[in-house]
1. Residues Thr756, Thr720: which one is more than 33 Å from the chain's Cα centre (by Cα) and under 19 Å from Arg698 (Cα atoms)?
2. Checking the structure you have, find out if any residue of the range 343-350 is open to solvent by less than 20 Å² (accessible area, probe 1.4 Å), in contact (Cβ under 8 Å) with a residue 60 or more places away in the chain and assigned to a strand (DSSP E or B).
3. Just checking, which of Ser747, Ser782, Ser804 is polar (S, T, N, Q) and in contact with a strand residue (DSSP E or B) (Cβ under 7 Å, 6 or more places away or on another chain)?
4. Can you name every one of the strands (runs of 3 or more DSSP E) wholly within the range 227-314 that holds 1 or more residues which are without any contact (Cβ under 8 Å) to a residue 60 or more places away in the chain and under 19 Å from Thr653 (Cα atoms)?
5. Taking the range 430-488 as the search range and keeping residues that are among the small types (Gly, Ala, Ser) and open to solvent by less than 40 Å² (accessible area, probe 1.4 Å), which one is nearest to the ligand (Cβ to nearest atom)?
6. Given the options Thr168, Thr205, Thr179, name the one that is of a type outside the set (A, V, I, L, M, F, W, C), assigned to a strand (DSSP E or B) and either in contact with a Lys or Arg (Cβ under 7 Å, 6 or more places away or on another chain) or open to solvent by less than 30 Å² (accessible area, probe 1.4 Å) (or both).
7. Has the range 388-410 got any residue that is within 11 Å of the ligand (Cβ to nearest atom) and either of a type outside the set (Lys, Arg) or buried (at least 23 other Cβ atoms within 10 Å of the Cβ) (or both)?
8. Which residue out of Ala507, Ala493, Ala501 is aliphatic (A, V, I, L, M), closer than 27 Å to Ser543 by Cβ, part of a loop (DSSP other than H, G, I, E, B) and at pLDDT 95 or above?
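The values are calculated or read from the model by the stated rules, or taken from the named source; none is laboratory data. Nothing here was measured: the structure is a model prediction, and the numbers come from that model. Using ideal geometry, Cβ is built from the backbone for each residue, glycine included, and neighbour counts are taken over all protein chains shown. The protein model used for the area step is the full one, side chains on, heavy atoms only, and it has no ligands, DNA or RNA in it. Shrake-Rupley method; radii C 1.70, N 1.55, O 1.52, S 1.80 Å.
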Amino acid sequence: MDNMLSAQFEAAGAVFVGSPERRVGEPGDPAVYFRTEFEARPGLLSATLHITALGIVEPYLNGAPVGDEVLAPGWTSYRHRLLVRSHNLTTVVQVGKNAFGAIVGDGWALGRLGFEEITRPRIYADRPSLFALIELRYPDRTEYVASGDRFRCGQGPVRGNSLYDGVTIDARLEPAGWTEVGFDDRAWHKAEPVDWDMATLTEATAEPIRRVEELPPKKIWKSPAGTTVVDFGQNLPGWVRLRLDGPSGTSVTVRHAEVLVDGVPDYTTLRTAKATDRYVLAGNGPEEFEPRFTFHGFRYAEIDGLTCDLLEEDVRAVVVHSDMIRTGWFETSNDLLNRLHENVVWSMRGNFVGIPTDCPQRDERLGWTGDINAFAPTATYLYDVRKVLTSWLDDLALEQKDFGFVPYVVPDVQPGHDTPTALWSDVAVRLPWQLYWEYGDEEVLRRCYDSMATFTRSVVPLLDPTGLWNSGFQFGDWLDPSAPAHQPGLAKADRHLVATAFFHQTAREMACAAAVLDRMEDADYFTKVADRVREGFRAEYVSPSGRLTGECATAYALAIRFGLLDAAQLPRAGARLVDIARRDGYRISTGFAGTPHVAHALTETGYTDDAYRLLLQTMAPSFLDPVVRGATTIWERWDAILPDGTVNPSGMTSLNHYALGSVANWMHTVIVGLRATSPGFATMRIAPQPGGGLTHVRAAHDTAHGRVSVEWKCADGTMTVRVAIPDGTTAVVALPEHPDRAEHAVSAGRHKWTYTLAPAVEPLTLDSSVERLAADDTILMSVSAVLREYLPPHVDVAQLLGQSATLPLSVLLNELPGVTDRTRRELAAAIQSDN
Ligand code: BGC
């Protein structure tokens, strides 16, 4: 506990209080309403409220809500850290009598957590409890109003409430004026003290969770079942606000869904989460309803029980997440790519509701370590995540110390998972390192050092004598698209190859972190560990020429990216990786472990054009397939929605999972070309690599030093590059496609270059003439093969192509029998992949 706070709390005698009506909170029990009144005397200098709860708390003073935080105090490892937020009440406390109230719902402390059938309630506490301390400062002394036996508690409109299942609000039960002076609370109970370790109280430092945006409906319609369906056009975290009118006792339900199947909301992606809010109307004119003590991940709302048609102005989606500052933007000439990037941003927003989670909609929403590990380099570009992630890393370190291992989810609600696994557990090292590199602040390394070193040392005894991490459970290349639907860990990449490659990288980063903090003995030790693991990896998996055993994209991507190959082996490895990408027709073949690295590995071995193809492929499985099919967030698995529009029945089909959105890092560091060359962007390299038919890119990133903006545009054979970097930084700008490969060292300020490009060769497409296409043997073969499949057997394809040399292929297709959209798509893909 913070010393200052602890002294005040001690002096004031504030304790946690609960209601005698809820000694053991059961799921579905009503929220608890607490209140007290107090006097403020003339001469008040300041008034401050310090508040937290076991559960979720909503404070009020003199009839108005205090602050704009929602879902407070958020989720931490409560047994170690329960966050206290302070609110300045100086302008709202009045001289004379004041009334303070707070509603406490179940939240993470009492509500069920976990997934599928194994969710458990009351993981941290038995009943909702409040901790509140109002500090009234006068020139001569300080007085306290502290939660304790002067507080009374009762009930109100908030009935059953659950993060996963939703809330019931019965407006008829509003105790009118309960947060105002003079309310008669004699029928309420005296609050009872609740035992809780005060040493867990910690000042909240991360941005609060807030309502950050509102979206109007895109469309409202009646379903065949008679319910009203609202489409907000965007999958988002938060809830729906409704203005309703109807007789007292009218019951309206709002159920949330991510997707429509056959035009009606489908709830499969929620698993057992009911995600249903219920309102019972008081019946005294138009009433506004907004849920509390819950949130949902949804695009559609299905509303039942309305007594009249819902008007557009009576419904809003309220977007709710940690109110972090946006720091990264990216826009290109390609709308699909822009939408993909936008989906990444929305998935990040959806999964930063207090802690970094896997998903916001189903019965899970846990702090899965692997997901944020894969996504962190993208997250640090898009938002200032310093505070939210440092807070989460504090929890990770405390639980690691407590349990003796890094849990798979932090805070941990799944006891029993105690063996480390690559990409998940090594977040303990790789996330602090990423934060250090982004923000240039050694403090994060200092703060996390013990956790980082303890984790790295814990894996060393698990290595075999040759340095391989080849035993124990591993998630591996989770959700490789070719893994069986119900065995997502059964990837093409050998899971121990993945583990060993990751551990090499982890040990390297660990050694670097030790060196930054001047712990040279540790740096030396971890370097030796990394060297040993590298040797083991190479001996087991790499041929002298640079081929990998069990060839697949993830294996090559990791070996290339994590420095496991010698310079002489890289060309061979790159060539094999690109062969695999081409063989797969640029469809994606990687899961959580390989996806963040595959495009980078192609670029690093000289195949940026192929990386673009991988990024821009629209045929499934691919990054753009969901975009083409209308996705507004990143899906958990490549085929979360099957080609027939139904939800993949595997049970793991969140439509809002950021892990695979980690590809955005390639967009930022290759398409924009922005990379820090020293921690915190004091120095940087800006080397955009145009491709994929993009004609312009505009991006900005607010670094710890200030805004960096990069823009390139190519029109009529002329390239224009604009770069602006902030004070205190320098950059090397490598001009894209410059005839002399010019590079410029620049200092703070705005810079612009314009130059003529070498004439470009027009890429081959469906609209190219048959002649041009036929000039390339491979393309001719593939095009002929596709045509033979679709045209009636009597058509002589070779002759047909020979006679139509000057026609664009697309025009020829219009005249042929048997040609469908599918034929066109396959031809386009064949031309693209052989091109
Ligand atoms: C989660 C993931 C997580 C994975 C690990 C899933 O249920 O949603 O994103 O990383 O499990 O097994």
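1. Details: Thr756 fails: under 19 Å from Arg698 (Cα atoms).
Exactly one of Thr756, Thr720 is more than 33 Å from the chain's Cα centre (by Cα) and under 19 Å from Arg698 (Cα atoms), namely Thr720.
2. no
3. Selected residue: Ser747, the only one of Ser747, Ser782, Ser804 that is polar (S, T, N, Q) and in contact with a strand residue (DSSP E or B) (Cβ under 7 Å, 6 or more places away or on another chain).
4. Details: elements: 228-244, 251-257, 259-261, 264-266, 276-280, 287-289, 296-304.
The strands (runs of 3 or more DSSP E) meeting that bar are 251-257, 259-261, 264-266.
5. Taking the range 430-488 as the starting set, the residues that turn out to be among the small types (Gly, Ala, Ser) are 440, 451, 453, 458, 467, 471-472, 476, 482-483, 485.
Within this subset, residues satisfying the condition of being open to solvent by less than 40 Å² (accessible area, probe 1.4 Å) are 440, 451, 453, 467, 476, 483.
On the way: Gly440: 29, Ser451: 20, Ala453: 24, Gly467: 26, Gly476: 10, Ala483: 12 Å.
The extreme case among them is Gly476.
6. Details: Thr205 fails: assigned to a strand (DSSP E or B); Thr179 fails: assigned to a strand (DSSP E or B).
Being of a type outside the set (A, V, I, L, M, F, W, C), assigned to a strand (DSSP E or B) and either in contact with a Lys or Arg (Cβ under 7 Å, 6 or more places away or on another chain) or open to solvent by less than 30 Å² (accessible area, probe 1.4 Å) (or both) holds for just one of Thr168, Thr205, Thr179, which is Thr168.
7. Initially, the range 388-410 is screened for residues within 11 Å of the ligand (Cβ to nearest atom), giving 408-409.
Okay, now just the ones that are also either of a type outside the set (Lys, Arg) or buried (at least 23 other Cβ atoms within 10 Å of the Cβ) (or both), so 408-409.
Yes, because at least one residue in the range 388-410 is within 11 Å of the ligand (Cβ to nearest atom) and either of a type outside the set (Lys, Arg) or buried (at least 23 other Cβ atoms within 10 Å of the Cβ) (or both).
8. On the way: Ala507 fails: part of a loop (DSSP other than H, G, I, E, B); Ala501 fails: part of a loop (DSSP other than H, G, I, E, B).
Criteria check complete, one pass: Ala493.
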